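Peer 1: To start, I am sharing the structure in question, which I have written as structure tokens.
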Amino acid sequence: MTTASTTPNSDTSNLHEVAPDDPIRERIRQAAQNVREQTPLAQSFTNFVTINLVANAQLAAGGTAAMSFLPNDVTSLASSCGATYINVGTLLPFYRDALQEISEHLSRHGCKWVLDPVAAGVGVARTEILKGFKDYPPTVIRANASEALVLHDMWQLGDAAGTDEHNGPAGVEAADSVDAAITAATDLAAYLALHSPTHTGAVAVSGEVDLVTDGRLVYRLPGGSAMMTKITGAGCSLGGVTATYLAVADPLVASLAASMLYNVSSGAAERASHGPGSFQTAFLDALWNVTPEEIASAPLYLA
Amino acid sequence: MTTASTTPNSDTSNLHEVAPDDPIRERIRQAAQNVREQTPLAQSFTNFVTINLVANAQLAAGGTAAMSFLPNDVTSLASSCGATYINVGTLLPFYRDALQEISEHLSRHGCKWVLDPVAAGVGVARTEILKGFKDYPPTVIRANASEALVLHDMWQLGDAAGTDEHNGPAGVEAADSVDAAITAATDLAAYLALHSPTHTGAVAVSGEVDLVTDGRLVYRLPGGSAMMTKITGAGCSLGGVTATYLAVADPLVASLAASMLYNVSSGAAERASHGPGSFQTAFLDALWNVTPEEIASAPLYLA
Amino acid sequence: MTTASTTPNSDTSNLHEVAPDDPIRERIRQAAQNVREQTPLAQSFTNFVTINLVANAQLAAGGTAAMSFLPNDVTSLASSCGATYINVGTLLPFYRDALQEISEHLSRHGCKWVLDPVAAGVGVARTEILKGFKDYPPTVIRANASEALVLHDMWQLGDAAGTDEHNGPAGVEAADSVDAAITAATDLAAYLALHSPTHTGAVAVSGEVDLVTDGRLVYRLPGGSAMMTKITGAGCSLGGVTATYLAVADPLVASLAASMLYNVSSGAAERASHGPGSFQTAFLDALWNVTPEEIASAPLYLA
């Protein structure tokens, strides 16, 4: 499902650009190279709308994919997967129980996983599922600004629980700006780190200027293409590719590398296309053709 | 799923071309412009085969998309959606109860919705679901000729119920010509209008020469491309885009505008492509690039 | 889901090339021509990841498609379909009962069907489903090497049941070479033929050099493109297209023709593309544009 910040904000004047020789860039380059060399398997429990693009994006990024919905299918593969991706779009009746069983298994066995809380706040089943994840939290959250704010509310991580001021869910599109989600993202990332077996976690908020945080440092990533909001699955597939990267890197580096891969590739795709059809084709080509060096050189700022 | 009239019929000699300055064309142009300016949300409960194309076509036409299957997810968003799209392909066991609950909610709350009765006549569950919609009817039906004839039978709208002569369902392809479905389409549209909160409804029958009727006037729309029968989802995605247009226009104008957008775009895509793969890519590009003026100027006749 | 042999093996030096005037090539050409002229309907019960590509590949190859999951939907269409395709990826809870009912119906009514045992060996539900198919076997199996080996084990067709030495399942990717699956494939094909109403069956194992056998003759098919492992659904859609061909040809010819169509088309697509996005587009175009003569002339060897 698509992700769009409705409040344009590409002003990076109050941010500090990360230098070309900053060690984080070498770690990002190494993660991208590792994916290409190791073709890691990341499995997904994801929505029916964009499941094909998630798999194709993971393959184009250099990994391999497996998609399942039965808890036993997911848990059978969990230990041989580098990471698991869970996306709560297009729910079916059995998902609540299934996702509780799966998240509990992943947490108990120290399996890394990425959550995309698609449409957080819409429907009672999705709310129950997302609230349930507080006890068995993911390693990384990839969301839009509204979803991050809603999840922050649901997990009652703010100073005064339930009092965040935001616009709430608007279907699958963000109704809030990335800037408005900085505190929510940082709180969420700190919570993930606290419960992670490696004591690290990360939250990535997609928008015109992406945000990635491990709960301490807050990175901002401008660039990319507005055409990403005109194809379905830009955000979902970024979540899946983040899981691919998480299979070979720590949460912060995986989130940064995946977002930078997406920004470089979508920019290239926009220049090579004439509309959303050719954009998606060119985007998958770009995911495949971009080099680890190009990914590591993408615009990256510290807040 | 694909839609094809098996009886070629592009003869428009007994039809009256709608003049360039006919007010209906300006209303069509305005609808197309409104979609581009307002990016309306239309949600879908649709089949797994073409769900991705439905969402991408709605985005390319200028709207936004949300796809759900749980009744509470659909009803939660219904009031904030401009329209809802229901497509009965690829049924799951819980759909019969879910679709009854959803259609009842939409009707009771005066929410506009579009029905695509995919494969009407195939399987007992689909027949029960489609018969059930008679009590809580949609605002617009988008179908192929065979599906319109079968639904007309199921709802017993003919003079002598159940005696329509037609070829019946042939999977998801039409086994009847659009011409053979004129009476069924007109009866269905009149029934929809009778039960619509705004006292308006429309039926669109896709084929070599599309038919759109509000129960009184019968429009015919030649043009488009035979390649639309060589990609899956041409009809399904037209249903979704009709919902996008229905969010900003009345049933007749929405149905005409969506079909004209499709005819113009598929013609452009055929000229720019070399097979069904590049055709689909070019079709999505064309949906995005075609102007409201081009849509409103597409071939349009009155029967 | 993707199919890849992990042990490169394009050595055909110990194989015998099938001569241009061998009668099998004319039967393959005729099958391809029949599909184009008859546009046969093959229905599918297939996974959600690649369901769209399966349908589009069947259309591009010249057939028509219908996708269903309710047993009554599948059995309602079974007699009017030339063949049915069943693919066990992305299982839902009701599939075990549904697939038992469907396979029993297909067998009892002598309906031809193609099985793709995706991810054989992963999860208890999939194992129960695949074991259950032994009593109501398909007409054709399309698999990767690991899946063929696992199914051979499950059905206890070897000399010493359960003792096949192989690497087992690795998600949806093959962990074994096609060469290692020759005995399993031949045993499986002989078993299918024994239980087929026409006393014929076939097994196709995809890899760098595909294998097709009817239980007696073993054909090898080099060619194609390694890019087929970088898009999701290459194997799934080949299974679907095999069903399309099975609607107009015997199991051996259908399997050979479908694999040769895929090898010719993927080779052409690789030459016309710049990455996995444009590769998939070009592949669908090639499926549509390749001639029956080109298909019948593709590289073909006897072991």
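The values are calculated or read from the model by the stated rules, or taken from the named source; none is laboratory data. On a predicted model such as this, the values are computed, not experimentally measured, just so you know. Don't worry about glycine lacking a Cβ; one is built from the backbone with ideal geometry, like all the others, and counts go over all protein chains shown. Surface accessibility is based on the protein's heavy atoms, side chains included, excluding ligands, DNA and RNA. Shrake-Rupley method; radii C 1.70, N 1.55, O 1.52, S 1.80 Å.
Peer 1: From the Cα gyration tensor of region B:41-82, with a ≥ b ≥ c the square roots of its eigenvalues, which class applies: rounded if a/c is under 1.5, or else prolate if a/b is larger than b/c, or else oblate?
Peer 2: On the way: a/c = 3.87, a/b = 1.26, b/c = 3.06.
Judged from the Cα gyration tensor, region B:41-82 comes out oblate (a/c at least 1.5, b/c at or above a/b).
Peer 1: Still on this structure, please answer the following. Identify the residues of region A:262-303 with backbone N under 20 Å of a label point that sits 7 angstrom from the Cα of B:R36 along the Cα-to-Cβ direction, or state none.
Peer 2: Those under the cut-off are A:273-279.
Peer 1: Rounding to the nearest 20 debye, state how big the charge dipole of the protein assembly as shown is about its Cα centre with +1 on each Lys and Arg Cβ and -1 on each Asp and Glu Cβ.
Peer 2: The dipole of the protein assembly as shown has a size of about 140 debye.
Peer 1: Compare A:A83, A:A19, A:A258 in a GNM of chain A, Cα atoms joined below 10 Å, and give the one with the largest fluctuation.
Peer 2: Fluctuation is largest for A:A19.
Peer 1: Just how far, in whole angstrom, is region A:180-203 from region A:238-303 if you go by their alpha carbon centroids?
Peer 2: Distance between centres, Cα-based: 22 Å.
Peer 1: What percent do you get for the relative contact order of chain C when only Cα pairs under 8 Å and 6+ apart count?
Peer 2: So the answer I get is 26 percent.
Peer 1: Could you sort the residues of region C:60-86 by number and keep only those whose accessible area is reduced by 30 Å² or more in the all-protein-chain setting relative to the chain alone, 1.4 Å probe?
Peer 2: Correct list: C:M67, C:F69, C:L70, C:N72, C:D73, C:L77.
Peer 1: So how strong a dipole does region C:168-256 carry about its Cα centre when Lys and Arg Cβ are +1 and Asp and Glu Cβ are -1, to the nearest 20 debye? Provide the component values of the computation, followed by the final result.
Peer 2: Details: 3 positive and 8 negative charges, 31 e Å.
The calculation lands at about 140 debye.
Peer 1: What average number of partner chain Cβ atoms lie no more than 10 Å from the Cβ of the residues making up A:266-277? Walk me through the numbers on the way to the answer.
Peer 2: Working: counts 0, 0, 0, 1, 0, 0, 2, 2, 7, 11, 10, 17.
That works out to 4 on average.
Peer 1: Also, I was wondering about something else. Considering only DSSP beta bridges whose two residues both sit in the protein assembly as shown, what percent are antiparallel, to the nearest 5?
Peer 2: 40
Peer 1: Ok, one more. Mind checking B:122-133 for the average number of partner chain beta-carbons within 10 Å of each residue's beta-carbon?
Peer 2: Mean number of neighbouring Cβ atoms from other chains: 3.
Peer 1: Now for a different question. Using the charge dipole of chain A (Lys, Arg: +1 at Cβ; Asp, Glu: -1 at Cβ; taken about the Cα centre), state which of A:L221, A:S79, A:G201 has its Cα farthest towards the positive end.
Peer 2: Checking the options against the dipole of chain A, the answer is A:S79.
Peer 1: Moving on to the next point. Take the protein assembly as shown, compute every pairwise Cα distance, and split them into 20 Å bins from 0; I just need the percent in each bin.
Peer 2: Histogramming the protein assembly as shown at 20 Å steps yields 16, 49, 32, 4, 0 percent.
Peer 1: Right, another one. Along Cα-to-Cβ, 7 Å out, sits the label point; list in nm, shortest first, how far the one on A:T198 is from those in the other copies.
Peer 2: Here A:T198 shows inter-copy label distances of 5.4, 5.4 nm.
Peer 1: Along Cα-to-Cβ, 7 Å out, sits the label point; list in nm, shortest first, how far the one on C:R108 is from those in the other copies.
Peer 2: Result, one decimal in nm: 4.1, 4.1.
Peer 1: Can you tell me the accessible area per residue over the protein assembly as shown, all protein chains present, probe 1.4 angstrom, in square angstrom?
Peer 2: With the other protein chains kept in place, the protein assembly as shown gives 32 Å² per residue.
Peer 1: For chain A, what are the DSSP H helices with axial Cα length of 24 Å or more and mean Kyte-Doolittle hydropathy of at least 0.5? Please list the in-between numbers first.
Peer 2: Values: long enough: A:251-271 (30 Å, 0.60).
Counting only whole DSSP H runs, the qualifying helices are A:251-271.
Peer 1: To the nearest 100 Å², how much accessible surface do chains C and A hide from each other in total, with a 1.4 Å probe?
Peer 2: 2100
Peer 1: If you build a Gaussian network model of chain A, linking Cα atoms that sit under 10 Å apart, which residue out of A:G240, A:G123, A:G215 swings the most?
Peer 2: Most flexible of the set in this elastic network: A:G123.
Peer 1: Let me ask another. On the accessible surface of region A:1-140, probed at 1.4 Å, how many percent belong to carbon and sulfur atoms?
Peer 2: 46
Peer 1: Report the antiparallel proportion of the DSSP beta bridges in chain C as a percent, rounded to a multiple of 5.
Peer 2: Rounded to the nearest five, the antiparallel share is 40 percent.
Peer 1: Over all distinct alpha-carbon pairs, what is the Kirkwood Rh of region A:16-302 in angstrom?
Peer 2: Computed over region A:16-302, the radius equals 18.3 Å.
Peer 1: To make sure I understand the rule: partners must be lysines, Cα under 26 Å from the Cα of B:K230, and not fewer than 8 residues away in the same chain. Which ones qualify?
Peer 2: A:K230, C:K112, C:K230
Peer 1: Moving to a separate point now. Using a 7 Å offset from Cα along the direction of the beta-carbon, what are the separations from C:L92 to the same position in each other copy, nm, ascending?
Peer 2: 0.4, 0.4
Peer 1: A follow-up question, please. Quantify, in whole percent, the carbon and sulfur part of the accessible surface of region B:187-303 (1.4 Å probe; protein heavy atoms only).
Peer 2: Carbon-and-sulfur percentage of accessible area, whole number: 57.
Peer 1: Right, next: Dipole magnitude of chain C about its Cα centre, charges +1 at Lys/Arg Cβ and -1 at Asp/Glu Cβ only, in debye to the nearest 20? Don't skip to the end; give the middle numbers.
Peer 2: Details: 15 positive and 30 negative charges, 121 e Å.
Charge dipole, chain C, about its Cα centre: 580 debye, nearest 20.
Peer 1: Also: Find which of B:T186, B:L99, B:L53 sits farthest along the positive direction of the dipole of region B:28-302, computed with +1 on the beta-carbon of Lys and Arg, -1 on that of Asp and Glu, about the Cα centre.
Peer 2: Checked the options; the winner is B:L53.
Peer 1: GNM on chain C, C-alpha springs below 10 Å: top fluctuator among C:T281, C:T200, C:T39?
Peer 2: In the Gaussian network model the winner is C:T281.
Peer 1: A further question follows. Name the residue farthest towards the positive end of the dipole of the protein assembly as shown from the options C:S146, C:T291, A:A32, assuming +1 on Cβ of Lys and Arg, -1 on Cβ of Asp and Glu, about the Cα centre.
Peer 2: C:S146
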